Amino acid sequence: MSQPAKAARSTRGAVEEPREPHAGTESAGSRRAAAQRLTMRRKLAAAAMELFATKGYEATTVDEIAAAAGVARRTFFRHFRSKEEAIFPDHDDTLVRAAGVLDAAPAHENPLDTVCRGIKEVMRMYAASPAVSVERYRLTREVPALREREIASVARYERLFTRYLLGHFDETAHHVGDDDPLLAEVAASAVVTAHNHVLRRWLRGGGVGDVETQLDHAFSIVRETFGTGIGAGRPAQEAAADAPAATARAEGEVLVTVARTDAPLGEVMRAIEKALKKG
């Protein structure tokens, strides 16, 4: 996949994605304000989850959530638009962090690897509070409105990653047989699906175990499936410019590895592992 300058993110869609503040202009005051905002959102979320679990979702009101958190009703609505939104306090901030990973990606990194690193921010959000995540998972299985809210949140990540992959080739240069647009969208969906599969399995198991290792295994399957296919329809000289950073092949009892000096270690190791499997 060719890698021109990153395209500006589209603002289309039902929900405008939050933007990460510029590192050079973010003041200590704004960081404190953001931390205080997240603390209050989590406090309201904890109150909402406890009430949903004890009284039931339908029987719980916004006034009761606010009272349980020790704040006024208007404070609740400064942080959330509805009571179903209240049990997902971290998604906005996590989306910003995921976007930051994409924005700061090194030029030599495969875009698919960048997307896999970006969605790890989502998994880390869940893994930071396993008990809360497990209880939230139970609630979303029982309450359709919460499940719909969760699906909408996941769709925002998928849009972010799809736009990123689509931004790494020239959309005006399509020709017959160019499957990059399809592969970009399918690959982004596959990354999100792999993440959600691992996350659900971890939550059903009580939030126990090394979930990042499980996620890395799932991503290796996605990379093997899509990593070499993206850009298959481009002219040969353009594809050559995006040759793999590392390759490896077995010759008898000798393993020959060729890598660029700037090749990421992870990509070198994947090339070696793949060659060993074939051998």
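When all alpha-carbon pairs of segment 93-161 are counted, what percent fall beyond 15 Å? Counting pairs separated by more than 15 Å, the tail of P(r) holds 59 percent. Protein heavy-atom accessible surface, 1.4 Å probe, per residue over segment 80-168: 36 Å².
First select every other residue whose beta carbon is under 13 angstrom from the beta carbon of ALA45; then total the charges, Lys and Arg +1, Asp and Glu -1.
0
The spacing between segment 197-214 and segment 145-170, judged by their C-alpha centroids, is 21 Å.
Over all orientations, segment 65-111 has a Cα convex hull whose mean projected area works out to 4.4 square nanometres.
In order along segment 140-151, the phi-based Karplus estimate (6.51 cos²θ - 1.76 cosθ + 1.60, θ = phi - 60°) of 3J(HN,Hα) comes to 5, 6, 8, 10, x, 5, 6, 5, 5, 5, 5, 4 Hz; Gly and Pro are listed as x.
The values are calculated or read from the model by the stated rules, or taken from the named source; none is laboratory data. Being a predicted model, the structure only gives us computed values, none of them experimental. Counting neighbours? That spans all protein chains shown, and the Cβs are built from the backbone with ideal geometry, glycine included. In case anyone asks, the SASA skips ligands and DNA or RNA and just uses the protein heavy atoms, side chains included. Shrake-Rupley method; radii C 1.70, N 1.55, O 1.52, S 1.80 Å.
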